[in-house]
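What follows is a set of notes on a single structure, which appears directly below.
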Amino acid sequence: MKRPSPKLAVRDAGATKLRILAAARVEFADHGYMGARVDRIARTAQANKRLLYYYIGNKEALYLATLERAYADIRSAERELRLEELEPLAAIERLVRFTWDYFNANPSFMALLNTENLHRARHLVKSRQIPDMNSTVVAIVGRILAKGARQGVVRPGIDPLQLYISIASLCFFYLSNIHTLTVVFARDLKARSALDRRIDHVVGLVLRGIAATPGRRPRLDKKAAL
């Protein structure tokens, strides 16, 4: 019987690991850390549990790998924006709209963040990858703000970390709490028109907040922000 080549074995192992992480993301997002079941993940990934433990490790290791992959995915998508090639205000608007769109398209990412916050980040703190991975986007925002300050369109002294957290918060809270907010305020906040109004509000709030002239939303070339 002919054995598969080493290259094929490596490729198969990589594909299996990707299937496992994709299945784990859905399982942990739907059931949380405590409710997730490794056997369900293995079944969905079409991999036996022994392979799962061999490639990744136990349930905790699998959960951490899932978190790391989720963060890697959003950071990779952010790099594709090529923000530093844009004018500063257009770059910040693009980042805001991207963040909103990403959260909308990836509810599993928000669910994973909610789960890990319930656990006070006790799994995430063990990651060696996360700090470097997430410092990159803050550094990019910092350079954009510095460029805007030099051009006189952004007020100086803005903390890039605080700005990034504010952008994420303004997008995240609305979407993660959309069901309760809809009931509490008796308005269909899930409607397309409501979602459009929300992101326009967030963009205006952020741009006015960083503008060199306080309280004024800077004029943008619409095409530059798209």
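The values are calculated or read from the model by the stated rules, or taken from the named source; none is laboratory data. These figures come from a predicted structure and were not determined experimentally. Heads up, the Cβs are rebuilt from the backbone with ideal geometry, glycines too, and the neighbour counts pull from every protein chain shown.
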Pairs only if they're at least six apart or on different chains, beta carbon under 7 angstrom, first in segment 100-112 and within 15 Å of Lys190 (Cβ to Cβ) and assigned by TED's automatic domain parsing to the domain that holds Leu124, second among the β-branched types (Val, Ile, Thr) and crowded, with 17+ Cβ neighbours inside 10 Å; list them, first residue then second. Trp100/Ile199; Trp100/Val202
Ala146 passes all but one of the listed conditions (1) within 11 Å of Ile92 (Cβ to Cβ); (2) without any contact (Cβ under 8 Å) to a residue 12 or more places away in the chain; the exception is number (1)
Among (1) out of contact with any strand residue (DSSP E or B) (no Cβ under 9 Å at 6 or more places or on another chain); (2) over 26 Å from Phe28 (Cα atoms); (3) in a helix (DSSP H, G or I) - the single one Ala146 does not satisfy: (1)
Looking at this structure, is Arg82 of a type in the set (D, E, K, R), surrounded by fewer than 17 Cβ atoms within 10 Å (Cβ to Cβ), at pLDDT below 95 and over 18 Å from Ser127 (Cβ atoms)? no
Which one is surrounded by the fewest Cβ atoms within 10 Å (Cβ to Cβ), of the residues in segment 28-58 that are of a type in the set (Ser, Thr, Tyr) and under 21 Å from Gly14 (Cβ atoms)? Tyr54
When you go through Arg143, Arg94, Arg120 one by one, which is the residue that is buried (at least 17 other Cβ atoms within 10 Å of the Cβ), of a type in the set (Lys, Arg) and at pLDDT 95 or above? Arg94
Consider Ala168 carefully, then state whether it is closer than 30 Å to Ala191 by Cβ and either without any contact (Cβ under 8 Å) to a residue 60 or more places away in the chain or in contact with a helix residue (DSSP H, G or I) (Cβ under 7 Å, 6 or more places away or on another chain) (or both). yes
Which helices (runs of 4 or more DSSP H) does segment 52-123 wholly contain that include 2 or more residues that are charged (D, E, K, R) and under 19 Å from the mean Cα position of the chain (by Cα)? 59-79, 88-105
Would you point out which residue out of Ala61, Ala15, Ala70, Ala77 is hydrophobic (A, V, I, L, M, F, W, C) and crowded, with 18+ Cβ neighbours inside 10 Å? Ala70
Out of curiosity, is Ala42 assigned by TED's automatic domain parsing to the domain that holds Ala15, part of a helix (DSSP H, G or I) and modelled with pLDDT of 95 or more? yes
